[in-house]
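Let me begin by presenting the structure, written as structure tokens, before commenting on it.
Coordinate-derived values only; no laboratory data. Computed from a predicted model, the values in this text were never measured in an experiment. Every residue, glycine as well, gets a Cβ built from its backbone with ideal geometry; the counts of neighbours run over all protein chains shown.
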Amino acid sequence: MKTASDCTRRNFIKTSAAAGGTLLLSGILPDQEARAATTTQPTTKPQADTLLKGICDIHVHAAPDTRPRSISELSFVREAKEAGYRAVMFKSNDWSCHDRAYIIREAVPDFECFGSLIMNQVHGGTINVHAAEQAIKTTGNYCRCIWMPTMAAAYHHQCDKRQGKGIPVLADNGTVLPDVIRVMEICAEADIIFASGHCSPEESIILAKKAQEVGVKKFVVTHANSHIWKMTHDQIKRSLDYGAFIEYSYITNVWGPGTGIPQYEPLSDAEFVAFARIAPKQSIITTDLGQVNMPHPLEGMRKCLAALQKGGITQQEIDLMVRTNPAKLVGLDT
């Protein structure tokens, strides 16, 4: 299942190893910088325009968080609403944010704000079924995604050579752990997203198969174009065959030398477009932005849309990936 070759076959894994895993996908900064967050403003004033109208970005990092963020959840919702977005879903690697979505909605009415929950170590050293049960009971029902471990994932620990084994999702024999299956059932019953988090590509395929058996309608393979989670086209096809939605995050095209995440080699826009072209009907596009010294999420989305248009992706396909599909996944009528 999880072999050393799984962690080294990516074109740019050497860069990550050299960085010692200090800076990660979620925007961790070196210790001397992590004590003070900076604020990044969009280069153009947020305003309604046809380019961003109706966008649903369901993978955004914002403060409050345990890592520095360039934006707060409330300020970003205000900016996104002004820019014409339809919905936003926040992700925190440590804390739940679905409870804050309830408050944000009171402050910014007539805008769809959602949160999510990640099964990392703050909830214990194993998959925490009770945390999932409580998340879907939280006032407002704004938890629309439960992610498998990210920073604490066993695969992530293995690839970064961290101490400890991390939180597994599979047993030693390669079968899905009972607590993971129960969380799948919770997501199926609530009709919310079950996302693979930072599991390996092969683990994600196994999870997709089991999720289909359990009855999950909204299984998402997390950022399948990214770093050590980058899937081959064959792996993507296998996931699609099990009914999975595939997420592509544009953060991969804006990190690299001179950015807040300098140790990763950026994708070319042509490579990103090639991923997006595989199966638009079962794909979503997100920014995964909000880290300091990185593009503002609105700017990241603008760059992404421009790249897709330039690469020949049709407007209908773009709409599916940034509007229709993500809206359906968070439970909005389209």
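Structure notes:
- Stokes-Einstein translational diffusion, the chain - Kirkwood Rh over all Cα pairs, 1.002 mPa s, 20 °C, in µm²/s: 109
- For a straight C-alpha distance cut-off of 17 angstrom, the lysines reachable from Lys230 (same-chain residues fewer than eight places away being disregarded) are Lys2, Lys14.
- Ranked list, fewest to most other Cβ atoms within 10 Å of each Cβ, for Val77, Val254: Val254, Val77
- Modelled label positions at Glu82 and Asn141, each set 7 Å beyond Cα in the direction of Cβ, lie 3.3 nm from each other.
- Whether region 276-334 is rounded, prolate or oblate, judged on the alpha carbon gyration tensor where a/c under 1.5 counts as rounded: oblate
- Under 19 Å from the Cα of Lys209 - aspartates and glutamates, other chains or at least 8 residues apart: Asp172, Asp179, Glu185, Glu189, Asp191, Asp234, Asp241, Glu247
- Efficiency of FRET between Arg182 and Lys310 - r from beta-carbon atoms, R0 56 angstrom, step 0.05: 0.80
- Each of the peptides 204-215, 83-94, 309-320 was scored by the mean count of other Cβ atoms within 10 Å over its residues; in descending order, highest first, they stand as 83-94, 204-215, 309-320.
- Computed [θ] at 222 nm, helices only, for the chain once each DSSP H run of length n ≥ 4 contributes -39500 (n - 2.57): -10000 deg cm²/dmol
- Stretch gain in nm, segment Glu133-Asp333, where the contour uses 0.36 nm per residue and the Cα spacing is subtracted: 69.5 nm
- Applying 1/(1 + (r/R0)^6) with R0 = 45 Å to the Cβ-Cβ distance of Gln121 and Asp49 gives a FRET efficiency near 0.65.
- Sorting Tyr102, Tyr264, Tyr242 from the fewest to the most surrounding beta carbons within 10 angstrom yields Tyr102, Tyr242, Tyr264.
- Inter-site label distance for Ala107 and Thr66 at 7 Å from Cα along Cβ, in nm: 2.3
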